[in-house]
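Chemist: Got a structure here, written out as structure tokens. Questions coming.
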Amino acid sequence: MIRRWVHAPAGSHWGEFGPDDQRGRMNLVTPEKVLQGVAEVKLGRSFCLSLPLDVPGGQAMNPRRIAPQRYAVTRDGKSAGQQGFCWSYASEDPDLTDVVNDDLVLMSLQYSTQWDSLAHVGSRFDADGDGVAEAVFYNGFRAGEEIRPASVDEQAREPHARYPQPVAGALGIERLAEHGVQGRGVLVDLAHHLGRKRQAVGYDTLMRILEADGVEVETGDMLCVHTGFADTLLAMNRRPDLETLHATGCGLDGWDDRLLNWIVDVRLACLIADNPAVELVVPKLQRPQPLRQPRLPLHEHCLFKNGIHLGELWYLTELAAWLREQGRSRFLLTAPPLRLPGAVGSPVTPIATV
Ligand code: UVW
């Protein structure tokens, strides 16, 4: 048996659902929470919470991520549709009338509306107490043993076999898919109160807004944070203007300990936003402490320490406006990722039903 960890990081809840758990706080979405979500369905109206998956439009926002490249499956340089017949059958049986198109897509799984799995962000940490910090993920799963990223060199050598092995040997997004991801969603509308100016939102501001709007968050809820970022991005119509985007939209303050404690104490099942990282990513020089530290402290806190999945670049604008009009904040949220073994993230088409 691999003993993955003897020390858990400060502020973490490793082992909360057992030492081998790979689903984290999504375990808090119990059958009872599903029923609470269903109880929010009064009209049967649905909202699509995904951006079109070819938004943002190019790699500018995140150079590591490629936009969907779509291909038709062809024969002799033509797709079945272009040939006007179904080549899989027609050559054998000219009497068959079927015309069939297939296609394929190459894209970064976290290019647009997405889930981050617990294999997405870990930390250099000495989990087994041997004095050596290793790349470790939630519940002590290791990079070298369970997580097998293809190196940049391997990818460059074999661009068409980018990920010959599943990247996440543990904690992959299929763990979330197997759960189903359906339960009660709760929306907090930061954009309504703060406008679209870039700013970090800490505990005090979040509490003030929750109170002003009468939003209650309970154990096992899936919290959606509306900042307006995705709406601004969508309006750019796949030509992202980085200068405008860098000045747009708030993000949670990953350096605010009271906020981090609240996320854990209120026992959110997961945390979702319509911006690219949920948190506001702050340049190194502006960070509070000069010590070794993460670039993404909220990612570290949620994904690495506490098993809280993050949803990013969701489209929440229409739902936020409708909920405000109705004086509501809760809904049934259905958001399973792809059941793709070993994937670090996944595109998702979340649906809110009210
Ligand atoms: C990083 O870019 C590290 O992550 P995310 O897309 O989760 O913000």
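Chemist: For Glu134, enumerate residues with amide H under 5 Å from its amide H, sequence gap 5+ or separate chain, H modeled in the peptide plane.
Modeler: Residues meeting the amide H criterion: Phe125, Asp126, Ala127.
Chemist: OK, next. Let me check I've understood the local charge: for Leu51, count other residues with C-beta under 14 angstrom from its C-beta, Lys and Arg +1, Asp and Glu -1. What total comes out?
Modeler: -3
Chemist: Rg/Rh for the chain to two decimals, with Rh computed the Kirkwood way over all alpha-carbon pairs.
Modeler: Ratio of gyration radius to Kirkwood radius: 1.00.
Chemist: Got a sec? How would Ile66, Ile308, Ile209 order by Cβ neighbour count within 10 Å, fewest to most?
Modeler: So the ranking, lowest neighbour count to highest, is Ile66, Ile209, Ile308.
Chemist: Among the DSSP beta bridges whose two residues both lie in the range 167-261, what percent are antiparallel, rounded to the nearest 5?
Modeler: 10
Chemist: Scan the chain and report its longest stretch carrying no GluC sites (Glu not before Pro) that are both in a DSSP loop and have at most 14 other Cβ atoms within 10 Å.
Modeler: Longest stretch, sites excluded: 219-354.
Chemist: At 0.36 nm per residue, minus the direct Cα-Cα distance, what do Lys197 and Glu243 gain on full extension? Give it in nm, one decimal, please.
Modeler: Separation in residues times 0.36 nm, less the Cα-Cα distance, equals 15.3 nm.
Chemist: How many percent of DSSP beta bridges within the chain run antiparallel, rounded to 5?
Modeler: 65
Chemist: Amide H neighbours of Val181 under 5 Å, counting only residues 5+ apart in sequence or on other chains, H built in-plane at 1.01 Å?
Modeler: none
Chemist: For the range 31-37, what does the Karplus curve 6.51 cos²θ - 1.76 cosθ + 1.60, with θ = phi - 60°, yield as ³J(HN,Hα) per residue in whole Hz, taken in order and with x for Gly and Pro?
Modeler: x, 5, 5, 4, 5, 5, x
None of the figures in this text is laboratory data; all of them are computed from the coordinates on show. As the structure is a prediction and not an experimental result, all values here were calculated from the model. For neighbour counting, all protein chains shown are included, and Cβ atoms are generated from backbone atoms with ideal geometry for every residue, glycine included.
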